[in-house]
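Chemist: The structure follows.
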Amino acid sequence: MLSLENSLIKNYKSITILAMSLMYVFIGAKHFTDPQYFINITPPQIEYKSFAVYFTGALEVLGGLLILTKKTRKAGAYTLVFLL
């Protein structure tokens, strides 16, 4: 029974990591395909809005890809925490 529970937890963890990765990569890519949307919602205090949009998009894509593998997951998590 314990083996079945461990298997379910491992599968759940893998699915959630994959889902989070896909969401970050997708939204990060949207920063490049539709930057005007993100520029419009950037606070007025930020001077270089285009740079900010592309920079945060790149961080989202990078973080989303890094969390996919166990070896780079910690770096990806720190990247996404920094971003958020």
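The values are calculated or read from the model by the stated rules, or taken from the named source; none is laboratory data. These numbers were taken from a predicted model, which means no experiment stands behind them. Glycine also receives a Cβ, built like all others from the backbone with ideal geometry; neighbour counts cover every protein chain displayed. Heads up: the accessible areas ignore ligands, DNA and RNA and are worked out on the full protein's heavy atoms, side chains in. Shrake-Rupley method; radii C 1.70, N 1.55, O 1.52, S 1.80 Å.
Chemist: Could you check how many residues of the stretch 1-29 are in a helix (DSSP H, G or I) and over 12 Å from the mean Cα position of the chain (by Cα)? Show your work before the answer.
Modeler: Taking the stretch 1-29 as the starting set, the residues that turn out to be in a helix (DSSP H, G or I) are 2-29.
In the following step, the residues that additionally are over 12 Å from the mean Cα position of the chain (by Cα) were identified as 2-16.
Residues that pass the stated criteria total 15.
Chemist: So the check is Cβ under 7 Å with 6+ separation or different chains; which pairs have a first residue in the stretch 41-70 that's more than 12 Å from H31 (Cα to Cα) and in contact (Cβ under 8 Å) with a residue 40 or more places away in the chain and a second one that's in a helix (DSSP H, G or I) and among the charged types (D, E, K, R)?
Modeler: I67/R73
Chemist: On to the next question. In the stretch 33-63, what residues are of a type outside the set (V, I, T) and touching a Gly at 6+ places or on another chain (Cβ under 6 Å)?
Modeler: G57, E60, G63
Chemist: Going by the structure shown, is L2 among the aliphatic types (A, V, I, L, M), at pLDDT below 95 and open to solvent by 40 Å² or more (accessible area, probe 1.4 Å)? Quick ask: steps written out before the conclusion?
Modeler: Values: among the aliphatic types (A, V, I, L, M): yes; at pLDDT below 95: yes; open to solvent by 40 Å² or more (accessible area, probe 1.4 Å): yes.
Answer is yes for this residue.
Chemist: If you take the residues in the stretch 53-84 that are assigned to a loop (DSSP other than H, G, I, E, B) and not aliphatic (A, V, I, L, M), which one is nearest to P43 (Cα to Cα)?
Modeler: Filtering the stretch 53-84 down to residues assigned to a loop (DSSP other than H, G, I, E, B) leaves 67-72, 84.
From what's left, not aliphatic (A, V, I, L, M): 69-72.
On the way: T69: 34, K70: 35, K71: 35, T72: 32 Å.
For the stretch 53-84, the residue satisfying everything is T72.
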